[in-house]
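Enquirer: The following block contains the structure, expressed as structure tokens.
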Amino acid sequence: MEQRVVFHVDFDYFYAQCEELRNPELKTKPVVVCVFSDRGGDSGAIATANYVARKYGIKSGMPIRFAKKRVEQVPEAVFLPTDFDYYADISEKAMDVISKYADIFEYVGKDEAYLDVSKRTEGSFVSAGHLAQQLKNAVRNSTKLSCTVGIGKKTEEIFAQMDLKTISDLKKLDVFTLNSKFGRKIGAYIYNAARGIDDDPVSQRQEATQYSRITTLKQDSIDYDFLAKDLERLCEDVHATILKDNVVFKSVGIQFVQSDLSTKTKSKMLKNSTSSLDELRKTSLQLLHESLEGQKMPVRRLGVKVSELSQVSGQDSITRYF
Ligand code: DCP
Ligand code: MG
Ligand code: MG
């Protein structure tokens with residue numbers, strides 16, 4: 001097999017960096033971007049934080065209340081709500097630039113992509129290094145964003161701390177040690193990659209395979225009528241996307257995140273594919289009814305999902321409009 005060179009590109013502290021872009025004064029302050037839940041107050045979690053805030057131990061996924069505690073003594077710390085449309089705009093511009101540097105471009109998410117550059121670098125890591133630098137410059141010039149290409153600075157620092165210089169040093173470590181340093185996902189990846197096991201091809205992403213919506217309830221509950229109200233709203237939301245993307249679905253599912261944060265799901269396959277809101281609503285409510293039988297633990301978050309999708313082409317079915 002010819003030498004493959006694949007870049008992993010990831011924007012640095014993405015949402016927080018976007019916030020700094022439109023308000024450069026933030027740069028020297030701890031900036032924390034929060035996903036406030038529908039419950040009001042400080043209920044919710046941290047989406048991300050800039051590196052100044054991370055020095056205080058603030059990180060993604062942390063409850064907002066904990067993060068505020070960490071910077072109690074830092075009056076200039078800034079807590080902002082997410083602005084997804086704005087981040088999506090910036091991401092789109094940057095991804096446009098980045099994709100020009102790839103033979104094959106795989107979009108992973110708003111702040112992440114894989115680029116197969118084997119052809120244009122002729123498998124040379126030296127020319128890949130130059131290409132990576134050009135890519136970073138181009139992204140910075142067009143959007144002012146900074147990004148990381150390759151394994152990244154933080155991983156490099158951990159490798160240095162562990163006195164790891166070569167792949168054969170890395171190979172001497174067992175997967176548990178790696179997991180404890182890098183977390184399970186990255187630990188396992190490094191363990192395999194050090195052994196040359198990573199043949200995942202870079203490929204353009206497929207169309208969506210499911211649509212889902214989830215919401216945090218105003219209060220934990222096992223009351224059918226209370227849950228049904230939110231569920232109907234979620235169905236309408238999902239349905240709007242289905243119409244926009246012109247797809248039909250054959251499977252409907254609902255999801256509970258219970259008060260102890262454990263998850264419960266239930267789904268149903270329909271006889272025929274459909275895009276009918278009525279059918280979506282009816283099936284979800286039936287699933288809700290069945291799921292609540294014998295349910296003891298209150299539900300904290302409620303979700304709905306449609307899958308087994310197909311694209312509608314040509315003539316629309318009459319049910320599409322109901
Ligand atoms: N994100 C989120 N909730 C999480 C993790 C991430 O909402 N638990 C969002 C906010 C991040 C974005 O996704 O800005 C990208 O995630 P990354 O894991 O790439 O994290 P960052 O880009 O924020 O930081 P880094 O510089 O470590 O890549
Ligand atoms: Mg990132
Ligand atoms: Mg990322």
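The values are calculated or read from the model by the stated rules, or taken from the named source; none is laboratory data. Nothing here was measured: the structure is a model prediction, and the numbers come from that model. Methodologically, a virtual Cβ is constructed for each residue, glycine included, from the backbone with ideal geometry; neighbour enumeration extends over all protein chains shown.
Enquirer: Can you tell me how many residues within segment 57-77 are within 16 Å of ligand 1 (Cβ to nearest atom) and farther than 18 Å from Val35 by Cβ?
Expert: 1
Enquirer: With more than 16 Å from ligand 1 (Cβ to nearest atom), surrounded by 14 or more Cβ atoms within 10 Å (Cβ to Cβ) and not β-branched (Val, Ile, Thr) as the only criterion, which of Tyr87, Tyr114, Tyr101 stands out? Walk me through it before giving the result.
Expert: On the way: Tyr87 fails: more than 16 Å from ligand 1 (Cβ to nearest atom); Tyr114 fails: more than 16 Å from ligand 1 (Cβ to nearest atom).
After applying the criteria, what remains is Tyr101.
Enquirer: Select from segment 1-18 the residues that are of a type outside the set (A, V, I, L, M, F, W, C) and within 16 Å of ligand 3 (Cβ to nearest atom) and write down the one among them that is modelled with the lowest pLDDT.
Expert: Initial filter on segment 1-18 (of a type outside the set (A, V, I, L, M, F, W, C)): 2-4, 8, 10, 12-13, 15, 17.
Filter once more, keeping what is within 16 Å of ligand 3 (Cβ to nearest atom): 8, 10, 12-13, 15, 17.
Details: His8: 90, Asp10: 94, Asp12: 95, Tyr13: 96, Tyr15: 97, Gln17: 98.
The residue in question is His8.
Enquirer: Of all residues in segment 46-59, count the ones that are out of contact with any Cys (no Cβ under 7 Å at 6 or more places or on another chain), under 16 Å from Glu19 (Cα atoms) and within 15 Å of ligand 2 (Cβ to nearest atom).
Expert: Looking only at segment 46-59, we keep the residues that are out of contact with any Cys (no Cβ under 7 Å at 6 or more places or on another chain), and these are 48-59.
Right, trim to under 16 Å from Glu19 (Cα atoms) and you get 48-54.
So of that shortlist, the ones also within 15 Å of ligand 2 (Cβ to nearest atom) come out as 48-51, 53-54.
Number of matching residues: 6.
Enquirer: For segment 278-295, give me each residue that is out of contact with any His (no Cβ under 7 Å at 6 or more places or on another chain) and not polar (S, T, N, Q). Before the answer, list the steps.
Expert: Step one: of segment 278-295, the residues out of contact with any His (no Cβ under 7 Å at 6 or more places or on another chain) are 278-279, 281-295.
The answer is Asp278, Glu279, Arg281, Lys282, Leu285, Leu287, Leu288, His289, Glu290, Leu292, Glu293, Gly294.
Enquirer: Here is a list: Tyr191, Tyr114. Which entry is touching a helix residue (DSSP H, G or I) at 6+ places or on another chain (Cβ under 6 Å) and of a type in the set (Ser, Thr, Tyr)?
Expert: On the way: Tyr114 fails: touching a helix residue (DSSP H, G or I) at 6+ places or on another chain (Cβ under 6 Å).
Answer to the selection: Tyr191.
Enquirer: Tell me which residues, restricted to segment 25-63, are outside any strand (DSSP E or B), away from ligand 3 (no atom under 15 Å from the Cβ) and at pLDDT below 95.
Expert: Filtering segment 25-63 for residues outside any strand (DSSP E or B) gives 25-30, 37-43, 50-62.
With the extra rule that they be away from ligand 3 (no atom under 15 Å from the Cβ), the set shrinks to 25-30, 37-43, 52-53, 55-58, 62.
Of everything in segment 25-63, those that are outside any strand (DSSP E or B), away from ligand 3 (no atom under 15 Å from the Cβ) and at pLDDT below 95 turn out to be Ser37, Asp38, Arg39, Gly40, Gly41, Asp42, Ser43, Met62.
Enquirer: Here is a follow-up. Would you confirm whether or not segment 264-279 contains a residue that is under 26 Å from Phe36 (Cβ atoms) and assigned to a strand (DSSP E or B)? Give the steps one after another, and end with the answer.
Expert: Taking segment 264-279 first, the residues under 26 Å from Phe36 (Cβ atoms) are 264-265.
Okay, now just the ones that are also assigned to a strand (DSSP E or B), so 264-265.
Yes - at least one qualifying residue is present in segment 264-279.
Enquirer: Being within 17 Å of Val312 (Cβ to Cβ), surrounded by fewer than 20 Cβ atoms within 10 Å (Cβ to Cβ) and touching a residue at least 12 places away in the same chain (Cβ under 8 Å) is the filter here, so list the residues in segment 226-275 that pass it. Talk me through it step by step, then tell me what you get.
Expert: As a first pass, look at segment 226-275 and keep what is within 17 Å of Val312 (Cβ to Cβ): 238-251, 270, 272-275.
Narrowing further to those that are surrounded by fewer than 20 Cβ atoms within 10 Å (Cβ to Cβ): 240-241, 243-247, 250-251, 270, 272-273.
Hits for segment 226-275 are Thr241, Leu243, Asp245, Asn246, Val247, Lys250, Ser251, Leu270, Asn272, Ser273.
Enquirer: Which one of these is in contact with a Lys or Arg (Cβ under 6 Å, 6 or more places away or on another chain) and closer than 30 Å to Gly44 by Cα: Leu261, Leu287?
Expert: Details: Leu261 fails: in contact with a Lys or Arg (Cβ under 6 Å, 6 or more places away or on another chain).
Testing whether each residue is in contact with a Lys or Arg (Cβ under 6 Å, 6 or more places away or on another chain) and closer than 30 Å to Gly44 by Cα leaves just Leu287.
Enquirer: While we're looking at this one, here's another question. Is there a residue being among the aliphatic types (A, V, I, L, M), in contact (Cβ under 8 Å) with a residue 40 or more places away in the chain and away from ligand 3 (no atom under 16 Å from the Cβ) anywhere in segment 84-101? First the steps, then the outcome.
Expert: Applying the first criterion (among the aliphatic types (A, V, I, L, M)) to segment 84-101 yields 88, 90, 94-95, 97-98.
Then drop every residue that is not in contact (Cβ under 8 Å) with a residue 40 or more places away in the chain, which leaves 90, 94, 97-98.
Then keep just the ones that are away from ligand 3 (no atom under 16 Å from the Cβ); that gives 97.
The answer is yes; a qualifying residue exists.
Enquirer: Which residues, taken from segment 195-216, are among the aliphatic types (A, V, I, L, M) and at pLDDT below 85? Step through it out loud before you land on a result.
Expert: Step one: of segment 195-216, the residues among the aliphatic types (A, V, I, L, M) are 197, 202, 208, 214.
Once the filter is applied, which keeps residues that are among the aliphatic types (A, V, I, L, M) and at pLDDT below 85, segment 195-216 yields Ile197, Val202, Ala208.
Enquirer: Here's another thing I want to ask about it. Among the residues that make up segment 15-22, is at least one of them basic (Lys, Arg) and either out of contact with any Phe, Trp or Tyr (no Cβ under 8 Å at 6 or more places or on another chain) or part of a loop (DSSP other than H, G, I, E, B) (or both)?
Expert: no
Enquirer: Identify the residue in segment 55-72 that is within 23 Å of Tyr86 (Cα to Cα) and of a type outside the set (A, V, I, L, M) and, among all such residues, is surrounded by the fewest Cβ atoms within 10 Å (Cβ to Cβ).
Expert: Step by step, filter segment 55-72, then rank; the result is Gly61.
Enquirer: Give me the residue from segment 17-54 that is over 20 Å from the mean Cα position of the chain (by Cα) and hydroxyl-bearing (Ser, Thr, Tyr) and, out of that set, surrounded by the most Cβ atoms within 10 Å (Cβ to Cβ).
Expert: Selected residue: Ser43.
Enquirer: I need the full set of residues from segment 168-189 which are away from ligand 1 (no atom under 16 Å from the Cβ), surrounded by fewer than 16 Cβ atoms within 10 Å (Cβ to Cβ) and assigned to a loop (DSSP other than H, G, I, E, B), in order please.
Expert: Answer for segment 168-189, where residues must be away from ligand 1 (no atom under 16 Å from the Cβ), surrounded by fewer than 16 Cβ atoms within 10 Å (Cβ to Cβ) and assigned to a loop (DSSP other than H, G, I, E, B): Lys172, Asp174.
Enquirer: Just to confirm my filter: which helices (runs of 4 or more DSSP H) fall fully inside segment 78-167 and include at least 3 residues that are small (Gly, Ala, Ser) and over 19 Å from the mean Cα position of the chain (by Cα)? I'd like the intermediate steps shown before the answer.
Expert: Numbers: elements: 84-99, 118-121, 125-143, 153-161.
Those helices (runs of 4 or more DSSP H) span 125-143.
Enquirer: If you check Phe84, Phe79, which single one turns out to be within 16 Å of ligand 2 (Cβ to nearest atom) and more than 25 Å from Thr155 (Cβ to Cβ)?
Expert: Numbers: Phe79 fails: within 16 Å of ligand 2 (Cβ to nearest atom).
Residue meeting the stated conditions: Phe84.
Enquirer: List, please: which pairs have Cβ atoms under 9 Å, are six or more places apart or on different chains, and start with a residue in segment 1-30 that is touching a residue at least 24 places away in the same chain (Cβ under 8 Å) and closer than 30 Å to Glu122 by Cα and end with one that is assigned to a loop (DSSP other than H, G, I, E, B) and among the aromatic types (Phe, Trp, Tyr)?
Expert: So the pair list comes out as Phe7/Tyr101; Val9/Tyr101.
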